[in-house]
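The values are calculated or read from the model by the stated rules, or taken from the named source; none is laboratory data. What you see is a predicted model; the values in this text were computed from it and never measured. Heads up, the Cβs are rebuilt from the backbone with ideal geometry, glycines too, and the neighbour counts pull from every protein chain shown.
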Ligand code: PMP
């Protein structure tokens, strides 16, 4: 048998060993993890809706009517009217013709990409796209080409030299850097080269754009310009699952072809009802988004003053670039000793030499809590010797 224990040991030596924490109680900034009370800056619950009483009520009120389990796949007998209502709600929310409800964002990306591209086609993917997009490209058996992060000119040159069906895929907000894709330019170039544009807005839905409708509408782009929009529901929406939204004919095609939609049990219908409730809150609650953007400004000013290297992100994802794996782990541990939880993100999730602390802010954080994080960062600054740290800044 292959020496798995040895491979695990090697990972430990390289500072790449991954662990899980045991969380008890609900997801909220004051988190109980491994029995300790920690102030968390790790979750993707950007609006604090994962634990909102109205969403919890919507779930429990729906349960007696829908039962618990999905019990069958959508195409057999699992497509409940709660799923149907959510799809209509998602289409209206994203201002698109139709939507399709998937079980997770990971499965949506796998299913959509492998349904829309196949052998003989070419997929163009931003170098920093999420792992589920990369896996979707592999699964599709299409030729996959990566373009430099956000480099629309490089993409245009690649598109110009390619014939046949072309698919361009990008994160809307990049999950590990927090920056927004140049969506307007991408849409223009895709139109010029007859390529189908797919945007995975996992981190933009709920947070960006008018009433939280996401990065595509924030950029003023229509369904015609961005035909395929993917969003997850387990982040700012605070529930679980994902969706694809776009022209009705495309949704119909995905029902025929997307294997991760067809060959899996439908999500619990009550969860769809809770998601509708959460979308109501998102549309109505601009003060939540306003508070979140004020926290982002406050955090950035404080961390930059301490000499930490931030990335050009205006989103709730605010990574602190450190560089080395061990240094990043040491910084994360130092924060934890002060009661603050920020996860170290290391390769292969991010490029080699660009390990970082991924700080995520939420509308349910207070200014006082962000100050606690800044104080802990101030206490730990000595862990990053000035000159070495400056070198990583140039990465
Ligand atoms: N796309 C992106 C950009 C993501 O960051 C993630 C989750 N980290 C996903 C897709 C997967 O979504 P889900 O968690 O719903 O599977």
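For the stretch 224-232, the condition of being in the same structural domain as residue 156 (by TED's automatic domain parsing), within 15 Å of the ligand (Cβ to nearest atom), more than 15 Å from the chain's Cα centre (by Cα) and touching a residue at least 60 places away in the same chain (Cβ under 8 Å) holds for at least one residue. In summary, helices (runs of 4 or more DSSP H) completely within the stretch 49-117 and bearing 1 or more residues that are more than 22 Å from the chain's Cα centre (by Cα) occur at 53-66, 81-93. Checked against (1) without any contact (Cβ under 8 Å) to a residue 40 or more places away in the chain; (2) under 25 Å from the mean Cα position of the chain (by Cα); (3) over 22 Å from residue 279 (Cα atoms); (4) not in a loop (DSSP other than H, G, I, E, B), residue 20 meets all criteria but (4).
Per-residue answers, yes or no, for (1) more than 21 Å from residue 238 (Cβ to Cβ); (2) touching a residue at least 40 places away in the same chain (Cβ under 8 Å):
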| residue | (1), (2) |
| --- | --- |
| 270 | no, yes |
| 273 | no, yes |
| 287 | no, no |
| 292 | no, yes |
| 298 | yes, yes |
| 301 | yes, no |
| 305 | yes, no |
| 310 | yes, no |
| 313 | yes, yes |
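Number of residues in the stretch 226-271 that are surrounded by fewer than 23 Cβ atoms within 10 Å (Cβ to Cβ) and under 20 Å from residue 203 (Cβ atoms): the value is 2. Considering only the stretch 178-188, state which residues are part of a helix (DSSP H, G or I) and within 16 Å of the ligand (Cβ to nearest atom). Result: 183, 186. Number of residues in the stretch 1-17 that are touching a residue at least 40 places away in the same chain (Cβ under 8 Å) and farther than 18 Å from residue 328 by Cα: the value is 0. Each residue in the stretch 123-146 was checked for being surrounded by 21 or more Cβ atoms within 10 Å (Cβ to Cβ), more than 15 Å from the ligand (Cβ to nearest atom) and not in a loop (DSSP other than H, G, I, E, B), and 3 pass.
When residue 249 is tested against the conditions (1) part of a helix (DSSP H, G or I); (2) within 12 Å of the ligand (Cβ to nearest atom), the lone failure is (2).
If you filter the stretch 194-217 down to residues that are assigned to a loop (DSSP other than H, G, I, E, B) and more than 11 Å from the ligand (Cβ to nearest atom), you find that the one that is surrounded by the most Cβ atoms within 10 Å (Cβ to Cβ) is 206.
Restricting 153, 99, 115 to those that are within 23 Å of residue 269 (Cβ to Cβ) and more than 12 Å from the ligand (Cβ to nearest atom) reduces the list to 99.
A single entry from 163, 175, 240 fulfils the requirement of being farther than 22 Å from residue 92 by Cα, within 13 Å of the ligand (Cβ to nearest atom) and not in a helix (DSSP H, G or I): 175. Within the stretch 187-216, being at negative phi, in contact (Cβ under 8 Å) with a residue 40 or more places away in the chain and out of contact with any strand residue (DSSP E or B) (no Cβ under 9 Å at 6 or more places or on another chain) holds for one residue alone: 213. Of the helices (runs of 4 or more DSSP H) entirely within the stretch 291-395, those holding at least 2 residues that are under 24 Å from the mean Cα position of the chain (by Cα) occupy 325-337, 367-380.
Modelled with pLDDT of 95 or more, in the same structural domain as residue 240 (by TED's automatic domain parsing) and out of contact with any helix residue (DSSP H, G or I) (no Cβ under 9 Å at 6 or more places or on another chain): is that true of residue 170 in this structure? Here the answer is no, as residue 170 does not meet what is asked.
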